[in-house]
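Shown next, in structure tokens, is the structure this report addresses.
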Amino acid sequence: MCPPTHFRVTYSINPWMDPSKPVDLPLAMTQWEHLRDLYRSLGHTVEELEPHEDLPDMVYAANGALVVDGKVLGASFAHPERQDEAAAHREWYETNGFPGVKIPEHVNEGEGDFAVTERWLLAGRGFRSSPLSHPEAQEFFGRPVIGLDLVNPSYYHLDTALSVLDDSGDGEVMYYPDAFSEGSQAVLAKLFPNALIAEEADAKAFGMNSVSDGHHVLVPQAAVGLFEPLRQRGYEPIGVDLGELLKGGGSVKCCTAELRD
Ligand code: ARG
């Protein structure tokens, strides 16, 4: 995770970002610290990445890389405003026990567009990551990539439209169908016939940007429609308020890069 020390909304690269709306930075920090402390209280280890003054979106740490089996595929950002984040992430991995970060040939925004289950890499395309990043990831990780077409600009990253609840076996996910092309909806229905299907209100409240450890699911708290269905499936949903970071177009998952070793 990367603290929002220099977070601000001064440019707009997704429909949620409105530079005319003020951001309450101390509140953003409090909300972010709450998320970090929550992970720790649930027994998870949180590493912190040094924020850079010129990179306000660095708080969305999920975009900096994809780590699977201890192997790291670096990111390459679609927008020039974020491009320098890639090197900052790469440096962190290189000096913290993940040497040999692969510098990608094609644009990919890390876990923003890649989700991982035991069997597959689910990979979004349409707004940010290049379709060519999909075979690149497949070759690097040796896992089959399932390409999914995102069609609604409000759900510009896969992690705004789909969340892995349980990555073991066939995997369990929740997703918002309207964010995907018809063909990709059909693919998801085939792979995940028992998925939790989200309503528009919960997707709009960034509910798909949740993080699950297989039991606890940290859910943007305004996505109230998800709590009961998650409980019925045996999960323990925990509401998290990241309202200030929503102004940049991100929430729980965007702020969290998973180190899968
Ligand atoms: N402002 C950032 C952008 O538009 C938000 C990134 C959110 N991160 C995510 N994993 N969806 O790139």
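Annotations
- Each residue in region 97-125 was checked for being outside any strand (DSSP E or B) and surrounded by fewer than 22 Cβ atoms within 10 Å (Cβ to Cβ), and 13 of them qualify.
- Some residue of region 74-87 being over 22 Å from residue 246 (Cα atoms) and part of a helix (DSSP H, G or I): yes
- Within region 182-197, tally of residues that are surrounded by fewer than 19 Cβ atoms within 10 Å (Cβ to Cβ) and out of contact with any helix residue (DSSP H, G or I) (no Cβ under 9 Å at 6 or more places or on another chain): 8
- From the list 123, 75, 88, the lone residue that is among the small types (Gly, Ala, Ser), at pLDDT 95 or above and within 11 Å of the ligand (Cβ to nearest atom) is 75.
- For region 216-261, a residue qualifies if it is under 14 Å from residue 160 (Cα atoms) and of a type in the set (Ser, Thr, Tyr), and the qualifying residues are 251, 256.
- Considering only residues in region 169-181 that are under 13 Å from residue 148 (Cα atoms) and away from the ligand (no atom under 16 Å from the Cβ), the one that is surrounded by the most Cβ atoms within 10 Å (Cβ to Cβ) turns out to be 177.
- Those helices (runs of 4 or more DSSP H) of region 199-250 in which 2 or more residues are surrounded by fewer than 24 Cβ atoms within 10 Å (Cβ to Cβ) and in contact (Cβ under 8 Å) with a residue 60 or more places away in the chain occupy 243-246.
- Residue check: residue 58 meets all listed conditions (1) out of contact with any His (no Cβ under 7 Å at 6 or more places or on another chain); (2) crowded, with 17+ Cβ neighbours inside 10 Å; (3) not polar (S, T, N, Q) but one, namely (1).
- Selection within region 1-28 - in a helix (DSSP H, G or I) and surrounded by fewer than 17 Cβ atoms within 10 Å (Cβ to Cβ): 25, 26, 27
- Per-region count, region 225-259, residues among the basic types (Lys, Arg) and either within 25 Å of residue 14 (Cβ to Cβ) or under 13 Å from the mean Cα position of the chain (by Cα) (or both): 2
- Selected residue (only one of 24, 57 is within 16 Å of the ligand (Cβ to nearest atom) and among the acidic types (Asp, Glu)): 57
The values are calculated or read from the model by the stated rules, or taken from the named source; none is laboratory data. Remember, predicted model here, so these are calculated numbers, not experimental data. Note that each Cβ is placed from the backbone with ideal geometry, even for glycine, and that neighbours are counted across all protein chains shown.
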